[in-house]
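Below: one structure, written as structure tokens.
The values are calculated or read from the model by the stated rules, or taken from the named source; none is laboratory data. None of these values were measured; they are calculated from a predicted model. No Cβ is skipped: glycine too gets one built from the backbone with ideal geometry, and neighbour counts run over all protein chains shown.
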Amino acid sequence: MIDKKFKIANKIFKSRLIVGTGKYKNFNECANAIKTSGADMVTVAVRRVNISNKNKARLMDYIDPKKITYLPNTAGCFTAHEAIRTLRLAREIGDWKLVKLEVLGDKKNLFPEMIETLRSTELLTKEGFKVMVYCNDDLLMAKRLVNAGAVAIMPLAAPIGSGLGILNKVNIKIIRNEIKVPVIIDAGIGEASDAVEAMELGCDGVLINTAIAKAKNPILMAEAMRHAVISGRKSFLSGRVKPNILGERSSPQKGII
């Protein structure tokens with residue numbers, strides 16, 4: 001089977017792995033991990049990363065925005081007002097229109113605040129932003145976000161930074177089957193097998209930050225995630241064998257010696 005292209009808002013990406021730029025020891029390590037991962041899109045927390053002051057170290061000095069697509073996000077925002085203001089700032093700084101919206105509901109669990117998220121999606125879309133939305137694994141809310149203009153749905157696999165893996169495969173599978181825009185797993189990935197599982201569920205991509213940045217060897221983990229996403233996608237496309245609780249012989253029964 002020939003795979004369809006990974007397209008978001010009419011932009012085609014070679015890699016289905018999106019990598020975050022936070023939590024690394026330094027910009028060098030971040031840049032090396034991203035290069036090894038093969039990702040051609042990275043998330044940037046506008047509120048936390050210096051992307052405009054040329055007198056201080058900048059991510060742009062290590063990761064060329066002409067070669068790697070920057071995806072400004074609203075990490076750390078807890079209201080629609082904060083999120084919209086942050087992305088307007090990103091637009092002014094780098095003319096970025098493709099953005100990741102993240103409106104959190106509480107500082108302890110970092111779950112998405114879906115009412116504010118939906119409101120933000122509607123307003124940002126009207127302003128011409130192409131909004132990729134971090135959300136919970138709720139099909140009905142995912143449909144509302146798409147109707148509001150979201151160009152990609154990014155349901156959590158588990159709480160942000162938890163590394164617990166995909167906790168509700170059923171909901172993720174339902175969302176993938178029902179939603180027409182790209183579905184990208186965001187938050188909770190811990191190891192390469194989690195990324196494989198996400199892709200085998202039919203998800204279009206995976207966003208990973210903590211699992212790579214906080215690994216004992218981030219560069220090696222970045223390589224593992226690269227292969228995991230590719231492998232999981234190929235496994236999904238190949239069409240797995242039908243599960244069967246009974247054993248089934250793999251050799252013929254005729255002509256037994």
Problem - Checklist (1) of a type in the set (Asp, Glu); (2) in contact with a Ser or Thr (Cβ under 9 Å, 6 or more places away or on another chain); (3) more than 18 Å from PRO72 (Cβ to Cβ) applied to ASP40, failing item - result: (3)
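Any idea which of ALA31, ALA57, ALA83 is closer than 28 Å to ASN109 by Cβ and small (Gly, Ala, Ser)? Spell out how you get there, then give the answer.
Working: ALA31 fails: closer than 28 Å to ASN109 by Cβ; ALA57 fails: closer than 28 Å to ASN109 by Cβ.
Only one candidate qualifies: ALA83.
Counting only residues that are outside any helix (DSSP H, G or I) and small (Gly, Ala, Ser), which one in the range 70-99 is nearest to the chain's Cα centre (by Cα)? Let's see the steps before the verdict.
Restricting attention to the range 70-99, the residues satisfying the condition of being outside any helix (DSSP H, G or I) are 70-79, 95-99.
If we keep only those that are small (Gly, Ala, Ser) as well, we get 75-76.
Values: ALA75: 13, GLY76: 17 Å.
Looking at residues that are outside any helix (DSSP H, G or I) and small (Gly, Ala, Ser), I get ALA75.
Which one of LEU110, LEU124 is touching a strand residue (DSSP E or B) at 6+ places or on another chain (Cβ under 6 Å), surrounded by 17 or more Cβ atoms within 10 Å (Cβ to Cβ), over 22 Å from ILE212 (Cβ atoms) and not charged (D, E, K, R)?
On the way: LEU110 fails: over 22 Å from ILE212 (Cβ atoms).
Being touching a strand residue (DSSP E or B) at 6+ places or on another chain (Cβ under 6 Å), surrounded by 17 or more Cβ atoms within 10 Å (Cβ to Cβ), over 22 Å from ILE212 (Cβ atoms) and not charged (D, E, K, R) holds for just one of LEU110, LEU124, which is LEU124.
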Completion exercise
When the range 195-213 is checked residue by residue, the ones that are of a type outside the set (Val, Ile, Thr) and more than 23 Å from LEU101 (Cα to Cα) are GLU197, GLU200, LEU201
Practice task
Starting from residues that are of a type outside the set (Gly, Ala, Ser) and out of contact with any strand residue (DSSP E or B) (no Cβ under 7 Å at 6 or more places or on another chain), keep the ones in the range 153-165 and report whichever is nearest to SER193 (Cα to Cα).
Solution key: LEU164
Fill in the blank from the handout: Filtering helices (runs of 4 or more DSSP H) wholly in the range 141-257 for at least 3 residues that are buried (at least 23 other Cβ atoms within 10 Å of the Cβ) gives 192-200, 218-238
Handout entry: Boolean, LEU89 is modelled with pLDDT under 90 and either farther than 24 Å from ASN26 by Cα or touching a His at 6+ places or on another chain (Cβ under 6 Å) (or both)
Key = yes
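For (1) of a type in the set (D, E, K, R); (2) touching a residue at least 40 places away in the same chain (Cβ under 8 Å); (3) farther than 24 Å from ALA195 by Cβ; (4) buried (at least 16 other Cβ atoms within 10 Å of the Cβ), each residue gets a yes or a no:
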position: ALA31; (1), (2), (3), (4): no, no, no, yes
position: ASP40; (1), (2), (3), (4): yes, no, no, yes
position: ARG58; (1), (2), (3), (4): yes, no, yes, no
position: ARG88; (1), (2), (3), (4): yes, no, yes, no
position: ASP95; (1), (2), (3), (4): yes, no, yes, no
position: VAL99; (1), (2), (3), (4): no, no, no, yes
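Which ones in the range 1-24 are without any contact (Cβ under 8 Å) to a residue 24 or more places away in the chain and among the basic types (Lys, Arg)?
In the first step, residues of the range 1-24 are kept if they are without any contact (Cβ under 8 Å) to a residue 24 or more places away in the chain; the result is 2, 4-5, 10, 12.
Correct list: LYS4, LYS5.
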